[in-house]
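Enquirer: What follows is a single structure, and I will ask about it in a moment.
Taken together, the values in this text are just the output of simple stated rules run on the coordinates, not laboratory data. Keep in mind that this is a model prediction, so the values were computed, not measured. As a convention, Cβ positions derive from the backbone with ideal geometry for all residues, glycine included, and neighbour counts pool all protein chains shown.
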Amino acid sequence: MTEPNKVLATFQVNGEPHEVAFVPHKTLLEVLREEMTLTGTKHGCELGECGTCTVQVDGIPVLSCLVLAVDAVGKDVQTVEGLACGSDLAPLQDCMADLGAAQCGYCTPGILMAADALLKDNVRPTRDEIKEALAGNLCRCTGYLKIFEAIELAAARMRGEDAQPSKESIYGS
Amino acid sequence: MVLDDPSTRDPSSPEARNDAPWQHDKKKDELEHIGKPIRKVDARSKVSGLTQFADDLTMPRMLHMKLLRSTMAHAEITHLDISKAEALPGVKGILTGKDMPTPFGILPVSQDEHALCPDHVRFVGDPIVAIAATEEEAAWDACRLVDVDYRELRTIGSVQEAAANDEPRLHDYGVRGNIHRLENLEFGDMEDGFKRADHTREDTFWFEGNTHLPMEQHASLAHFDKDGKLTIWSSTQTPHYLHRALARVLHPLPANRIRVIATPNGGGFGGKSDPFNHEICAAKMSMLTGRPVKVALTREEVFWCHRGRHPVLMRSKIGVSKTGRITALDFHSFLDGGAYGSYGTASTFYTGALQTVTYAVENYHFRGARFFTNKAPCGPKRGHGTVQPRFALEVQLDKVACDLGIDPAKLRLDNLAPRESVTANYLRIGSMGLGACIEKVVEGSGWNERRGKKEVTKDGRIRGLGIACSSYLSGAGLPIYWNGMPHSGVQLQLDRSGLCTVFCGSTDIGQGSDSVLGWIVGEVLGINPLDIKVVTSDTDLTPVDLGSYSSRVTVMTGNAAMQAAERARDIVAKGVAKKLEVPAGRLVFAEGRVFDAQEPDTGMTFMEAVGVAEAQVGTIGTVGSYTPPKSAAKFRGGGVGPSPSYSYSATVVEVEVDPETGIYSVPKVWMAHDIGRALNAAVAMGQIEGSIYMGLGEAMMEEMAYRDRSHKGQRVFLHKIPSMLEMPDCVTYVIEDPDKNGPFGAKEVGQGPLLPIMPAVANAVFDAVGVRVDENPISFEKVFAAMQAKHEGKEPRFGPAADETGIPDVNFGESLKIKTPWQGGDGTAWNEPKRTKKAKK
Amino acid sequence: MLRLPTFTYHTPKNAVDAVRIAKEHGKEAMYVAGGTDLYPNMKRRHQTPAQVISLRDVPELHSMEVLADGRLQIGAMVTLTTLEHYPHLKAHYAGFAHAVREISTPLLRNMGTIGGNLLLDTRCSYYDQSHEWRESIDFCMKSKSDAICWVAPGSPRCWAVQSSDSVPVVCAMEAEIELAGVDGLRTIKADELYQDDGIVYLTKKPEELLTKITLPAPGNWKASYLKLRRRDTYDFPVLGVGACLWFAEDGTIEKANIRLGGAGSYAMPASASEKLLVGNKLTDELIAAAGAAAMKPARTMDNTDLDVYWRKKVAPVYVARALKACQ
């Protein structure tokens, strides 16, 4: 089988340009992980069935396993590596870490990217709105509750409130 | 923490291993870090996308390997031609069965797998050829160019078929035909037990198999380096057992030239506990090609690795007194093991082991049979082997309560197994908080007011509440292979910089085992757990820990870490005592300082303290290890079930059933779990909530569904797991009943809370619409079918035939007869032939 | 990792060019819109087009407008999320908006398009499997022309299931579909786009490009969609009832369309139910009767999630509830 010619393109990922040569049938997932070594974006099925590879393209959370890399050229791609500000974690990351919302941590980058997009649109999401926005991200460890609580806590902190996790969510009822 | 008087114990004595003070009686307010919701040691890297899972690793010149797997469920390979594959550009190495002729398997009694099948394939997905190429696509393409001819063999698809057909045999070992294991254990006097029963009932249950479905697909990277040493990074829960399997198959490569590094597991749940074909092939391929070799499985291949929940057919006869006291329990289990042994021997015993640990059972007879079938091999999934019988027992108890007109919660409360007791089958119960658990969920759910009320929602669905309980072990009392060495080892290094490094062979699969080490060492040494460096799961660097399975890690590595830390503290304390001229027993290690309890200003920072001690005694390093207490059971088969301690869970589940379709939802769950002591309540809550989630998945939908439509037999169909929209609101109660065998009293939490969910759902469906589903998953269709049966005046039930129909005809032979402790038994079987004692290695 | 097979990627700038490229490459070419149906299929090697024609740069496919006569015209490339949040849709096409919301997951709706969903491949549990899995059954006739149908081994045809959520409701609403071909544009009724075959489930020519769907102007009709599936996200419908009723001023039903998705290879009309409805008012008794009459046409096969008999038995309940939503 003859490999088609590679294309050379510059991606904007997390605000930085990345010049990469790749064959045009590569997905954004493959190019991020294998050409740019941005392995923070994970994969769990490569068929759009798990949400693990979620990244943002122009602010919209999409599945990088089903986006052709060529279609992301010229767009603003955000991955989990771009969430923190320098060495300071973003509030969402901080809250996920504090509440134990990342157990094995494999779905976490995808959840973070979907949740981050939600919070940019909606500063005060209800529990149902969180569920609706993240309904395409599977997690097998947490039972989701700590994830919901972390998003709610982060939302409150991002609104400037001095919010703390509830006693029930940390110590039980 | 106030120092114990070191003079009362000698840490260097071998006995100290098992009677080190695990500090279970410490009061909560005496603890600085334990119990606090501290961030996990790896939390920051996990939320930053910086945790490196196996497939995130790359090396220069790395090859990609794919496995060609059998398309036949059962066949002999008659011809194998790899020449076309070899010729494909990019292909750098090909392995077939003859390259790795030594069989392996997780249990010494079931060494029945080959890295690549030499001549006999036993399920669709059994690997035959491994091909490495410069690109993953080329390796895949090359696999399609391999010519394989098969001679098809009849497939065995169920326990019934396996029992009825001795030929063709899947394996040339086992009991006979396609029976892998038969167990028959009888405790007490069954005849008398049933005679004294006021009420007896017999039920048949079916629990369909299901799988772990970790989000991370298994992956490995192997590198045979310039020094002739092999390193493999792999998403495994059991690096130690992988190490042993590699040494066996790759012989003559010695074990000390093999290094296994378990990468953080992207979920395990038991699915990454066996040594796998792809791991061994990657290692061998790297030796063959002299290049690093990566293999990353597809989701389909993860289904083929499986080792998930066994499908189990169960028949349970129970005799109870008027108050529901269990006078006799006669339990049969028939396990569909799939194509290989895996952990199946243990699984079989586990379907009979823990029935006695929740409620007192006076007399108990267990018969278990495991069969080989042409399906992906079953093994341990969260709750290993105890989940299916727990479903049966808890549903049956609900029926008993109904028969006797007793509140199911009261029936359970009235019959609790006593704390600090030995059960009919010689399991030693320590702390036992099930009563408190039941009381919590009964109160929280409004059980007494709401049960049986059949409330109707606005859209016409009917509410029901169901209760169930369970117990689980905090680690297996015996190792997988017979040996007298510790189950867990920890090494500690203190440095004049104030750094404390913990080395341990344990593997973090997301449950937080790395953090457990940090919390415990931090508590003992009075330093911030996040300042501690934790180095784990690297067979070159870390002392052996058997692995992340059977909920053993918190108790076993925790105790080992505590011992190592206490020894380190003693060394530092001696140094500081001398320097400050204060008795060592008066020194407090807390808040990053070492100081005099009577004059808190007299003291120094932990860093200074280490320096003082290092100046006096030289470089500071300590070790700790843990071996579980000896089992009370001395009969053959008594090795499965004993544990240092047992956790307890009780749950009330609320369902809303649509009477027109059988579709139901679970809006709310109340769960109380006796964890002994929560080392970190927030992380423990995560384990409980995760168990509720996975249990609900099993209850509502998850099944490893096969259809036998073709002559070619079995293949996996689909396996749905719940999304966040199915996850109910949960009220979680962390019950603390400290156990003397646990570090700070801690018991397990990772698996136990899963167990009661399925029976509680079944019982809640009954409360709502008055029908029994004696089969798991309790899917919508089954609820509907049971309601239809009720509507037509038939038995309001869905499940396997309630009589003997469908029960495999198996001769279990004579039972091993063991007197119960209350009959004056000593834990041996009175009719057991004398066993020749195996020499300890 | 599952990866795409190699292909040449085309990004034509208008529909005419797109059709021209498709015609030129014949069977080797496929259009891609959001890619959420095609790319998974390609990764499983269901389809391996050597030429993939992306519609991303065809501006006319991205538009959405209310026409002068009140009809709503939606370009094929409009994403499902855009549609879902379009206020005009929520206000005037509640049934259709609901169907769009029910499609898969929010992430896939961010990527997937209405055109793609209207043309969604039929599905079958013997077909929607990995290449290796299908290899192990020697494939089925949807993959390989000389193979059998595994769900009905004696059958000369493929029984793969219509699985789009939007199709039953747009067919019931009598929406119009615009197709661009080598000879220009043509418009057909939504019903006419589909046929009862699991393999050749579309009536359009392969190179014909679905450019627009036009929904009827709001009026004396009301449409609804009700979906049966295991989970409230991800899953395809194993029964999708699209209903549309036209009412006279006094509430009498003048016309009724009911389409059953997930129950055959196309969105099948529940004709007996429709007949019962016309000329009557929508009472609870009539709803129950119309529901019961839908049991027969629900031609469920054992090739989707959930039990085949149960799916047929609950079809009347779902049809009745869909009709109730038209009240």
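Enquirer: Using each residue's phi in the stretch B:735-746, evaluate 6.51 cos²θ - 1.76 cosθ + 1.60 at θ = phi - 60° and report the 3J(HN,Hα) Karplus result to the nearest Hz, with x for Gly and Pro.
Expert: With coefficients 6.51, -1.76 and 1.60, one gets 9, 10, 10, x, 10, 5, 8, x, x, 6, x, 5 Hz.
Enquirer: Could you work out the relative contact order of the stretch C:122-224, using alpha carbon pairs under 8 angstrom and six or more residues apart, expressed as a whole percent?
Expert: Once normalised by length, the contact order is 25 percent.
Enquirer: FRET efficiency for C:THR48 and A:ASP121, Cβ-Cβ distance as r, R0 = 45 Å, nearest 0.05?
Expert: Here the calculated transfer efficiency is 0.75.
Enquirer: Specify whether the C-alpha gyration tensor of chain A places it in the rounded, prolate or oblate class, a ≥ b ≥ c being the square roots of the eigenvalues: rounded for a/c under 1.5, otherwise prolate if a/b is larger than b/c and oblate if not.
Expert: prolate
Enquirer: Follow-up question, since we're still on this one. With both partners inside the protein assembly as shown, how many of the DSSP beta bridges are antiparallel, as a percent to the nearest 5?
Expert: Here the share of antiparallel DSSP bridges comes out near 80 percent.
Enquirer: Roughly how big is chain A's charge dipole about its Cα centre, with Cβ charges of +1 (Lys, Arg) and -1 (Asp, Glu), in debye to the nearest 20?
Expert: 280 debye
Enquirer: Shifting gears a bit: Specify which residue in the list C:ILE148, C:ALA175, C:ALA160 is farthest towards the positive end of the charge dipole of the stretch C:132-179, using unit charges on the beta carbon of Lys, Arg (+1) and Asp, Glu (-1), about the Cα centre.
Expert: C:ILE148
Enquirer: Using the Cα centre of the protein assembly as shown as the reference point, and only Cβ charges (+1 on K/R, -1 on D/E), how large is the resulting charge dipole? Debye, rounded to the nearest 20.
Expert: Dipole size: approximately 1980 debye.
Enquirer: Right, next: What ranking, highest mean first, results for peptides B:506-512, B:120-126 when packing means the other Cβ atoms within 10 Å averaged over each residue?
Expert: Ranked from most to least packed, the peptides come out as B:506-512, B:120-126.
Enquirer: Where is the GNM fluctuation largest for chain C (alpha-carbon springs, 10 angstrom cutoff): C:HIS25, C:HIS98, C:HIS62?
Expert: C:HIS25
Enquirer: A 23 angstrom limit on the alpha carbon distance is what I want to check against. Which of B:LYS272/B:LYS375; B:LYS375/C:LYS313; B:LYS195/B:LYS317; B:LYS226/B:LYS284; A:LYS26/C:LYS43; B:LYS46/B:LYS533 exceed it? Mind showing how you got there, number by number?
Expert: Details: B:LYS272/B:LYS375 18 Å; B:LYS375/C:LYS313 32 Å; B:LYS195/B:LYS317 13 Å; B:LYS226/B:LYS284 15 Å; A:LYS26/C:LYS43 11 Å; B:LYS46/B:LYS533 16 Å.
B:LYS375/C:LYS313, as the Cα separations exceed 23 Å there.
Enquirer: Which whole-number percent gives the relative contact order of chain B, counting Cα pairs below 8 Å spaced six or more residues apart?
Expert: Details: 2258 pairs, mean separation 141.6, N = 841.
Rounded, it is 17 percent for chain B.
Enquirer: What is the distance in Å between the Cα centroid of the stretch B:237-267 and that of the stretch B:117-150?
Expert: The stretch B:237-267 and the stretch B:117-150 have Cα centres spaced 23 Å from each other.
Enquirer: Non-local amide H neighbours of B:VAL41 (under 5 Å, H modeled in plane, Pro and chain starts lacking H): which ones?
Expert: For B:VAL41, whose amide H was placed from the backbone, the distant partners under 5 Å are B:SER515.
Enquirer: Quick check for me: using +1 on Lys/Arg Cβ and -1 on Asp/Glu Cβ, what's the dipole size of the stretch B:24-170 about its Cα centre, in debye to the nearest 20?
Expert: With Lys and Arg at +1 and Asp and Glu at -1, about 780 debye.
Enquirer: Of A:GLU149, A:GLU161, A:GLU30, which has the largest mean-square fluctuation in a 10 Å C-alpha GNM of chain A?
Expert: A:GLU161
Enquirer: How much length is gained if the chain between B:SER497 and B:LYS322 is pulled fully straight, taking 0.36 nm per residue apart and subtracting their Cα-Cα distance, in nm to one decimal?
Expert: On the way: separation 175, 0.36 × 175 = 63.00 nm, distance 6.73 nm.
This chain segment gains 56.3 nm when fully extended.
Enquirer: Averaged over B:684-695, how many beta carbons belonging to a partner chain fall within 10 Å of each residue's beta carbon?
Expert: Averaged over the peptide's residues, the number is 6.
Enquirer: Right, something else. Please state, to two decimals, what the Cα-based radius of gyration of the stretch C:210-276 comes to when divided by 2.2 N^0.38 Å (N = residues).
Expert: That works out to 1.29 for the stretch C:210-276.
Enquirer: Shifting gears a bit: Hey, in the GNM for chain C with a 10 angstrom Cα cutoff, which one of C:ALA160, C:ALA248, C:ALA217 fluctuates hardest?
Expert: C:ALA248
Enquirer: Here's another thing I want to ask about it. Just checking the output field for C:127-140: average partner chain Cβ neighbours within 10 Å of each residue's Cβ?
Expert: 5
Enquirer: Over the stretch B:222-364, what is the mean sequence separation of C-alpha contacts under 8 Å (at least six apart), divided by residue count, expressed as relative contact order in percent?
Expert: 20 percent
Enquirer: What are the ³J(HN,Hα) couplings of the stretch B:132-148, residue after residue, when phi is run through the Karplus curve with 6.51, -1.76, 1.60 and θ = phi - 60°? Round to Hz, x for glycine and proline.
Expert: Result, ordered by residue: 10, 9, 5, 10, 4, 4, 5, 5, 5, 4, 5, 4, 6, 8, 7, 8, 10 Hz.
Enquirer: A further question follows. Over all residues in B:36-45, what is the mean tally of Cβ atoms on other chains that come within 10 Å of each residue's Cβ?
Expert: If you average over the peptide's residues, the count of other-chain Cβ atoms is 5.
Enquirer: Between A:TYR171, A:PRO125, A:ALA115, whose Cα lies farthest towards the positive end of the dipole of the stretch A:112-173 when Lys and Arg beta carbons carry +1 and Asp and Glu beta carbons carry -1, centred on the Cα centre?
Expert: The residue sitting most towards the positive pole is A:TYR171.
Enquirer: Among DSSP beta bridges whose residues both lie in chain B, state the antiparallel percentage, nearest 5.
Expert: 75 percent
Enquirer: In whole Hz and in residue order, list the ³J(HN,Hα) couplings for the stretch C:212-220 that follow from phi through the Karplus curve 6.51 cos²θ - 1.76 cosθ + 1.60, θ = phi - 60°; x for Gly and Pro.
Expert: My calculation for the stretch C:212-220 gives 8, 10, 10, 8, x, 5, x, x, 8 Hz in order.
Enquirer: Enumerate the amide H contacts of A:LYS75 below 5 Å, restricted to partners 5 or more residues apart or on another chain; note that Pro and chain-start residues carry no placed amide H.
Expert: For A:LYS75, whose amide H was placed from the backbone, the distant partners under 5 Å are A:GLN12.
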